[in-house]
Amino acid sequence: MKIGYIMQEGGPDVRQRPLTGPANHVLKVYQELHSLGHTMRLLARYDGSIWKSEDLETFEQVDTPRMDSGLRRLLERLVRGAQSRLRLPYVNFFESQRFAEACCRAMSDRDLLYERMGWMGLGARIAARRLELPHVLEANNGDFITELEKLGVAPKGFQRWLAIMLMRSVARGADHVIATGEGHRKRFIDWHRVNPTKVTTVENGSDIMDLLEREQLRAFDETPASDRRITVLFVGAFEPWQGISTLLAAFSQVITRDSSIHLVLVGSGTQWAQINQNISDLGLQEYVELTGQLDIPQVAQRLAQADIGVAPYCGWMEYSGLKLFDYKSAGLAIVASGEGGQPATIEHGVTGWIVPPCEEQPLVEAIIKLAVDCDLRRRLGRSARAEAEKSHSWKHTAYQLSEVFEHVVRA
């Protein structure tokens, strides 16, 4: 099958190293679909220009002459000028029309367009209609507004209503939707009011499966636990919904009961400065290490040196995520926020330990429990690794995506 992988707005930049988690997701999905025999081509908007690539190594700019010359260009300038002067609402019209033209020029030979859904990105949907191609959305977010509100940049008033209506038109017009977690799936269905039968959950994979063997993992190490300190690890974006502030507050209580426990925070994000301040205010400089953004092999090394992985999501619709699959692949004993059957990928007391979201004390008790109980820690870690070996490779993710694509094309 010939697949066009589309990213119009807010798509992660696969050209930059080290790769962010979302960019690594794009890279791995792309590579694994290719390894299954699909012919892949990426079309993405980066730095104000539109680029295509076959191998995600070399990129060629795609021109849009119909939109960039003549009367259409003149009309765009007039409308943008009026919009700026009169403060009219923004609909991303010209950007989407330009991206649609690029899609039609670069993707006319494809069998299917697979779009990583972006904020107010209409171009791929327009192009799919013009080319009469199936359009599948990859929804890594349930509604976008929730994330924008958490970041403090959500639109208001009529602009908010208009943006939501545009996003819903894209969601409802797609032939199928891939959600990366069950929480995102439920939120997407409820928020966009789409038919549940056309939304499928396909979980992320983990690179760690290919980078770490069992003998490298602490869960399979028979060295007495008293011979080393316990390391608690967080990997992810430093964003409000990740619950890092709650984790730090809980950890300040943990060290009053066992000062030998060490916390490592891997990642970066908009809350970097606030987290640094929290560490200072709580007097945790001696007990918490901030590594910054690391590449995947470096993350794997950190995972191999850890005992407990934490995912303290707070105020978010989805309690699953790439970090859980990385933790499971590394054989960590996992402490994860959850409620209402989430996260579906963790079974409490079997492959991890689930605690209520946004609450410090249950998080404290869970970390202490796993830190002092070596047998429980190893049992959870080994069970998590065994399950990851069956279900959490990127190849497994690509197989599931391929099945959905084949079904959509046949339909």
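None of the figures in this text is laboratory data; all of them are computed from the coordinates on show. Since the model is a prediction, treat every value here as computed from it, not as a measurement. Glycine also receives a Cβ, built like all others from the backbone with ideal geometry; neighbour counts cover every protein chain displayed.
Quick notes
- Considering only alpha-carbon pairs that sit under 8 angstrom and 6 or more positions apart, the relative contact order computed for the chain is 15 percent.
- Here the label points at Gln61 and Phe94, each 7 Å from Cα along the C-beta direction, are separated by 1.8 nm in the simple model.
- For the residues Gly121, Gly48, Gly183, a GNM of the chain with alpha-carbon springs under 10 Å puts the largest fluctuation on Gly48.
- Between the stretch 281-349 and the stretch 1-76, the alpha-carbon center distance in angstrom: 30 Å
- Computed label-point distance, nm, for sites Arg87 and Arg257 using a 7 Å Cα→Cβ extension: 5.3 nm
- For the stretch 72-114, the fraction of C-alpha pairs more than 17 angstrom apart is 46%.
- Two-decimal Rg to Rh for the chain - Kirkwood Rh, Cα set: 1.00
- Highest-MSF residue in the chain out of Gln216, Gln305, Gln285 [GNM, Cα springs under 10 Å]: Gln285
- When +1 charges are put on Lys and Arg Cβ atoms and -1 charges on Asp and Glu Cβ atoms, the dipole computed for the chain relative to its Cα centre reaches about 1640 debye.
- Across the stretch 179-189, coupling constants 3J(HN,Hα) worked out from phi with the 6.51/-1.76/1.60 Karplus curve, θ = phi - 60°, read 9, 8, x, 5, x, 5, 4, 5, 5, 4, 4 Hz, and Gly and Pro carry x.
- Here is the list for the stretch 112-178: trypsin sites (Lys or Arg not before Pro) lying in DSSP coil, each with at most 10 other C-beta atoms within 10 angstrom of its C-beta, are Lys156.
- Computed on the Cα trace of the stretch 147-267, the radius of gyration divided by the Kirkwood hydrodynamic radius gives Rg/Rh = 1.12.
- Beyond 27 Å in Cα-Cα separation lie the following of the pairs Lys52/Lys156; Lys150/Lys186; Lys328/Lys369: Lys52/Lys156.
- Cα-based Rg of the stretch 115-213 normalised by 2.2 N^0.38 Å, two decimals: 1.19
- Of the chymotrypsin sites (Phe, Trp or Tyr not before Pro) found in the stretch 164-226, none is in coil by DSSP with at most 11 other Cβ atoms within 10 Å of its Cβ.
- Amide H contacts of Glu138: Glu115, Arg116, Met117, Ile178, each under 5 Å away and 5 or more positions distant or on a separate chain (H built 1.01 Å from N in the peptide plane; Pro and chain starts excluded).
- Solvent-free Debye scattering, log10 I(q)/I(0), computed from the Cα coordinates of the stretch 217-307 at q = 0.12, 0.20 Å⁻¹: -0.38, -1.00
- Unpaired by the 4.7 Å Cβ criterion, cysteines found in the chain: Cys103, Cys104, Cys374
- Here is the list for the stretch 36-106: trypsin sites (Lys or Arg not before Pro) lying in DSSP coil, each with at most 15 other C-beta atoms within 10 angstrom of its C-beta, are Arg66, Arg87.
- Compared with the rule-of-thumb size 2.2 N^0.38 Å for a compact globular protein, the stretch 208-391 has a Cα radius of gyration ratio of 0.93.
- Kirkwood estimate for the stretch 65-188, i.e. one over the average of 1/r between Cα atoms, Å: 15.8 Å
- For the stretch 237-248, putting each phi into the Karplus relation 6.51 cos²θ - 1.76 cosθ + 1.60 with θ = phi - 60° gives couplings of 7, 7, 10, x, 6, 6, x, 5, 4, 5, 4, 5 Hz, in residue order, rounded to whole numbers and with x for Gly and Pro.
- Cα→Cβ-extended label distance, 7 Å offset, between Arg160 and Asp190, nm: 1.8 nm
- By average C-beta atoms within 10 angstrom, highest first, the peptides 387-399, 287-299: 387-399, 287-299
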